[in-house]
1. Suppose we keep only residues that are of a type in the set (Gly, Ala, Ser) and crowded, with 17+ Cβ neighbours inside 10 Å within region A:39-57. Which one would you say is nearest to RNA strand B (Cβ to nearest atom)?
2. Out of A:Leu182, A:Leu201, I need the residue that is modelled with pLDDT of 95 or more, open to solvent by 60 Å² or more (accessible area, probe 1.4 Å), touching a helix residue (DSSP H, G or I) at 6+ places or on another chain (Cβ under 6 Å) and more than 12 Å from RNA strand B (Cβ to nearest atom). Which one?
3. When region A:126-139 is examined, which residues are found to be in contact (Cβ under 8 Å) with a residue 60 or more places away in the chain and either assigned to a strand (DSSP E or B) or more than 15 Å from A:Pro181 (Cβ to Cβ) (or both)?
4. Consider region A:299-335. How many of its residues are within 9 Å of RNA strand B (Cβ to nearest atom), closer than 24 Å to A:Lys49 by Cβ and surrounded by 20 or more Cβ atoms within 10 Å (Cβ to Cβ)?
5. Any residue at all in region A:42-65 that is more than 18 Å from the chain's Cα centre (by Cα), under 18 Å from A:Val131 (Cβ atoms) and of a type outside the set (D, E, K, R)?
6. Could you list, in sequence order, the residues of region A:108-125 that are free of Cβ contacts under 8 Å to residues at least 60 places away in the same chain and either of a type in the set (Lys, Arg) or touching a strand residue (DSSP E or B) at 6+ places or on another chain (Cβ under 8 Å) (or both)?
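The values are calculated or read from the model by the stated rules, or taken from the named source; none is laboratory data. Note that this is a predicted model, so its numbers are computed, not measured. Cβ atoms come from the backbone with ideal geometry, glycine included; neighbour counts cover every protein chain shown. Accessible surface areas use protein heavy atoms only, side chains included; no ligands, DNA or RNA. Shrake-Rupley method; radii C 1.70, N 1.55, O 1.52, S 1.80 Å.
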Amino acid sequence: MIFEKIAQDAQSNARCGLIYTNHGVIETPIFMPVGTIGSVKGIYHKDLKEDINAQIILGNTYHLFLRPGLNIINKAGGLHKFISWDKPMLTDSGGFQVFSLAANRKITEEGCTFRSHIDGSKHTFTPENNVDTQRMIGADIIMALDECTPGDAEHSYALKSLKLTQRWLERCVTHFDNTQPLYGYKQFFFPIVQGCVYPDLRKMAAEHAVSLNRDGYAIGGLSVGEPTEKMYEMIEVLHPLLPLDKPRYLMGVGTPANILEGIARGIDMFDCVMPTRNGRNGMLFTWEGMINIRNKKWAEDFSLIDSLGTSFVDRTYTKAYLRHLFVAGEMLAAQIASEHNLAFYLSVVKEARMHIKAGDFATWKTVAVKKLETKL
RNA sequence: GGGGAGAUACCAAAGUGGCCAACUGGGGCAGACUGUAAAUCUGCUGGCGUACGCCUUCGUAGGUUCGAAUCCUGCUCUCCCCA
């Protein structure tokens, strides 16, 4: 057993739990900072651990496969050792790149052939070699190779795509069960439930994935262009279909408000590039709302970045100073904003856990979401 | 004192009779960003208007012309060379 539920909100599907891995225990609901290429952009591990309180981070199979390549990661003794991160890690399979690098790939029954965005070289991911690759990278949780369909896909295409994802999933599972971890610790495998915005397809996908009896289940193909309400609707459709004793991971989501709404609908794990990417682009998330720190209105605001913030950057730097750094193009600007946002995201899920345990999550969430969506 | 070059919007810099409210870059202002091809991308940047548009602009004062940032004259200022 890798998941233990420890609290359930009375008024919603929100719950608290623990995920046990050989690199440590993860408290859920949790947000996982994204470290695609083996780096959470702009953030030292020390800060990730001590200031942001990250419990698990992501890597990406496609990106790591291309650079530095499996040979180097293997020689290093796996990704944990290569990047000096001793806490849990999860790798995405590259299914999202099937979607985001659509112009550079070709999908067949066998797998997905890519043109490298770096040098144009040709590579093929099959369900089998993708599992092997993730074995070699050595993440604690590895993901199925899937096709992530756009949010506006037609039903007919979404169905065809889902069927392929399901056949790939079966091959992933078979291969996963026939192979062993390379570095002496257990790896868990999560199927990805696709089906676009169509309840019948989501149901079909969930039932199929659950029948394969895996360690946890991911919900993919959301936050890829569909209306936010559709995303919430799909999570609600899936709720009764996924086992309650396994963790649920909503891939690629999202804003702090999206995360609280996801938690209310029973999601345990989230990841998103938003805190780092938007941070680099001058956007800060706070309990009071969202700030575009590059705006002139902050030029003479000498108050702290976030008076309610938990990060040392919140206690150290002022809005006026951070705006100055952004306007001047200083790299410290991106670092401070990323640090703040990640610390904020982790504090959002921490607060959520506290309120679930206290039993007042649903009412607290409604008030919090309204503020989080405000533009300051 | 003599000779030469030049003055264009916040800055730099194109434009040398109508296609010019004026290329382009910087700066400024705003927006986007959701399993990271992103320390990226987009829009606006004389005034009013959502917009067709209207009004005021290319040192300054006049002039030529149907029409001028562009041609002519005076003036002011700047830079370079010689003495």
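1. First pass over region A:39-57, keeping only residues of a type in the set (Gly, Ala, Ser): A:39, A:42, A:54.
With crowded, with 17+ Cβ neighbours inside 10 Å added as a condition, the list becomes A:42, A:54.
On the way: A:Gly42: 8, A:Ala54: 12 Å.
The selected residue is A:Gly42.
2. Working: A:Leu201 fails: open to solvent by 60 Å² or more (accessible area, probe 1.4 Å).
After applying the criteria, what remains is A:Leu182.
3. Taking region A:126-139 first, the residues in contact (Cβ under 8 Å) with a residue 60 or more places away in the chain are A:130, A:133-134, A:136-139.
Answer for region A:126-139, where residues must be in contact (Cβ under 8 Å) with a residue 60 or more places away in the chain and either assigned to a strand (DSSP E or B) or more than 15 Å from A:Pro181 (Cβ to Cβ) (or both): just A:Asn130.
4. Counting residues in region A:299-335 that are within 9 Å of RNA strand B (Cβ to nearest atom), closer than 24 Å to A:Lys49 by Cβ and surrounded by 20 or more Cβ atoms within 10 Å (Cβ to Cβ) gives 2.
5. The answer is yes; a qualifying residue exists.
6. Pass one, region A:108-125, residues free of Cβ contacts under 8 Å to residues at least 60 places away in the same chain: A:108-124.
Hits for region A:108-125 are A:Glu110, A:Gly111, A:Cys112, A:Thr113, A:Phe114, A:Arg115, A:Ser116, A:Ser121, A:Lys122, A:His123, A:Thr124.
To keep it simple, each residue is scored yes or no on (1) part of a helix (DSSP H, G or I); (2) aromatic (Phe, Trp, Tyr); (3) near RNA strand B (Cβ under 10 Å from one of its atoms).
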position	(1), (2), (3)
A:Gly59	no, no, yes
A:His63	yes, no, yes
A:Asp86	no, no, no
A:Thr91	no, no, yes
A:Ile118	no, no, yes
A:Glu147	no, no, yes
A:Asp152	no, no, no
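Conditions tested, residue by residue: (1) under 24 Å from A:Pro240 (Cα atoms); (2) in contact (Cβ under 8 Å) with a residue 40 or more places away in the chain.
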| residue | (1), (2) |
| --- | --- |
| A:Ser156 | no, no |
| A:Arg171 | no, yes |
| A:Thr174 | no, no |
| A:Tyr185 | no, yes |
| A:Gln194 | yes, yes |
